[in-house]
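The values are calculated or read from the model by the stated rules, or taken from the named source; none is laboratory data. Keep in mind that what you see is a predicted model, and the values were worked out from it rather than measured. A quick note on method: Cβ atoms are made from the backbone with ideal geometry, for glycine too, and the neighbour counts reach across all protein chains shown. What goes into the accessible areas is simple: the full protein's heavy atoms, side chains included, and nothing from ligands, DNA or RNA. Shrake-Rupley method; radii C 1.70, N 1.55, O 1.52, S 1.80 Å.
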Amino acid sequence: MSNQPVVFNILYTPYELSKGATKEEVAKHSDERAFFDMTGGKNIFSYITTESKRTGRRTALEYLQKSTGVFNDKGAISLVEIDDMKARLKENKGNIWHGFISLNEEESHKIDSPEKCVDLVRHVFPQFFADAKFHKNNVDLMCALHLDRPHHLHIHFVFWEKEPKCKRNDGEVRYRRLGKIDKKSIDNMFVRLGLYLSKSKDKVYKSRDKSLSELKELLGVKAIIAGNEQIKKEIIALIKDLPKTGRITYGSKDMEKFRPRIDKIVSMLLNTNNKAMKANRKFYEAVDDREREVKNICSKQYSYRTDNIKPSDVEQKLPKYNNTIDEKNIALIDEIKADYKRRQGNLVLNLCKFLKPKYFERKRKYKADDKHLKTKLNMSRKTINQAYRRFFKSFGLQSELLERDFTHRLQDIEKEIEHERQKKKSQNSKYNDETK
């Protein structure tokens, strides 16, 4: 086995073999199915809950071993939950997926406690299920850590669909027919695992948060800055053109045609000060470092601009992988950049949503000396100027919070990206033909 940082292995056992199987194949499958559906005397549950205890090693995992020894992305699984899972599995007429995640000696310490094991599973499996097009909340997952090889700790896992939810053309609801997981989902899982183990896994999000923090701090300290009036004009013009109905958020379809204008305002804000621009640049430099790690996990040497440029310290310290992963399957870097732009854009739109009802527009002709018109215009200008100054101040405070919470931002953004994907999928719960 390769000594690369992580190995991810996954197989599946179908409910029944296709027609034409030999007696030997049928008998072998029957034994295998009984092992994985936990109806056999020797089964996956007894295996993963006893092998982890045979060494007698006393670690922080003791509390898991004293209870059930199994866990999932939500934590330790109770005896009651196990009984419910086994009951569902016994009635299951679909595929059962199983495999392991193995870490080499250098990385094994990262899963040597219950909290670390659960944390890893929580950060890789939900998105893996989403990528592989499993129905939301319709998967039973059971994991266990094996301690029999202390320098190569590994997590065994098994999962299956809780109930049939794939609607066929004949109207019947069945279990997912497709057993093989597509390569794109597996590639992304491998990269996700590799990045989870990375020592610099939070660097991108620290840089992102610092960029917003620097910008907001700048604008909070100095309400009137160079170019402020021009920015204000752009914001007022955007307020006037934004629709009165629909979702006023950067990622919504209603905002699609406005995004170039929103990006322009963000760029103008950044250009008001070298400090803010420098922080923004550092974010993208961190993204480049992240991309190097992705390329490394995909076993592709990073391309340098000239032969005279030596590998950076980060690149020299990257662990060695021997995977065959198509980089085109990996969307993480694009998602990080898109999320960053979305966060910046929403700060501008939050101001627009606040000011739009306060912006006074003339709906009829007024006399030049109309006192009511002057009063309304003055109130509108005063409200907008006050809100505009508050916006600059809050712009800094929000980024400062992101910067302070830096060490947790990688996990947070991946959860947010997963949540957004799941929301979109819930709007269309039908499977396509390939997943039926």
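Can you pull out the residues in region 233-264 that are over 26 Å from the mean Cα position of the chain (by Cα) and closer than 20 Å to ILE336 by Cα?
Once the filter is applied, which keeps residues that are over 26 Å from the mean Cα position of the chain (by Cα) and closer than 20 Å to ILE336 by Cα, region 233-264 yields only LYS264.
For region 135-161, which positions are modelled with pLDDT of 90 or more and open to solvent by 70 Å² or more (accessible area, probe 1.4 Å)?
If the condition is that a residue be modelled with pLDDT of 90 or more and open to solvent by 70 Å² or more (accessible area, probe 1.4 Å), then ASN137 is the only one that fits.
Only residues that are under 18 Å from ASN9 (Cα atoms) and out of contact with any Lys or Arg (no Cβ under 8 Å at 6 or more places or on another chain): list them for region 81-104, please.
TRP97, HIS98, GLY99, PHE100, ILE101, SER102, ASN104
State yes or no: is GLU91 among the acidic types (Asp, Glu) and either within 22 Å of ASP73 (Cα to Cα) or modelled with pLDDT under 90 (or both)?
Judged against the criteria, GLU91 is not a match.
Mind checking which residues of region 17-45 are in a loop (DSSP other than H, G, I, E, B) and either free of Cβ contacts under 8 Å to residues at least 24 places away in the same chain or aromatic (Phe, Trp, Tyr) (or both)?
Correct list: LEU17, SER18, LYS19, GLY20, ALA21, THR22, GLY40, GLY41, LYS42, ASN43.
Given the criteria at pLDDT below 85, within 30 Å of THR324 (Cα to Cα) and not in a loop (DSSP other than H, G, I, E, B), does ILE48 qualify?
Yes.
Which ones in region 78-127 are touching a His at 6+ places or on another chain (Cβ under 8 Å) and in a helix (DSSP H, G or I)?
Within region 78-127, just SER108 meets the criteria.
Among the residues of region 232-274, which ones are open to solvent by 70 Å² or more (accessible area, probe 1.4 Å), under 11 Å from GLY345 (Cβ atoms) and either at pLDDT below 90 or among the basic types (Lys, Arg) (or both)?
ARG261, LYS264
Failed condition for ASN169, given (1) open to solvent by less than 70 Å² (accessible area, probe 1.4 Å); (2) more than 25 Å from the chain's Cα centre (by Cα), with all others met?
The failed condition is (1).
With respect to the numbered conditions (1) modelled with pLDDT under 90; (2) among the polar types (S, T, N, Q); (3) open to solvent by less than 30 Å² (accessible area, probe 1.4 Å), which one is the sole condition not fulfilled by SER185?
Condition not satisfied by SER185: (1).
When you look at VAL204, is it more than 30 Å from GLU107 (Cα to Cα), of a type in the set (A, V, I, L, M, F, W, C) and modelled with pLDDT under 65, yes or no?
In short, no.
Can you name every residue in region 107-123 that is among the acidic types (Asp, Glu) and within 19 Å of LEU141 (Cβ to Cβ)?
Those that are among the acidic types (Asp, Glu) and within 19 Å of LEU141 (Cβ to Cβ): GLU115, ASP119.
So, of the residues in region 173-190 that are over 16 Å from ASN92 (Cβ atoms) and in a loop (DSSP other than H, G, I, E, B), which turns out to be farthest from the chain's Cα centre (by Cα)? Break it down into steps so the answer makes sense when it comes.
Step one: list which residues in region 173-190 are over 16 Å from ASN92 (Cβ atoms), which gives 180-190.
From what's left, in a loop (DSSP other than H, G, I, E, B): 180-182.
On the way: LYS180: 23, ILE181: 19, ASP182: 19 Å.
Looking at the filtered set, the residue picked out is LYS180.
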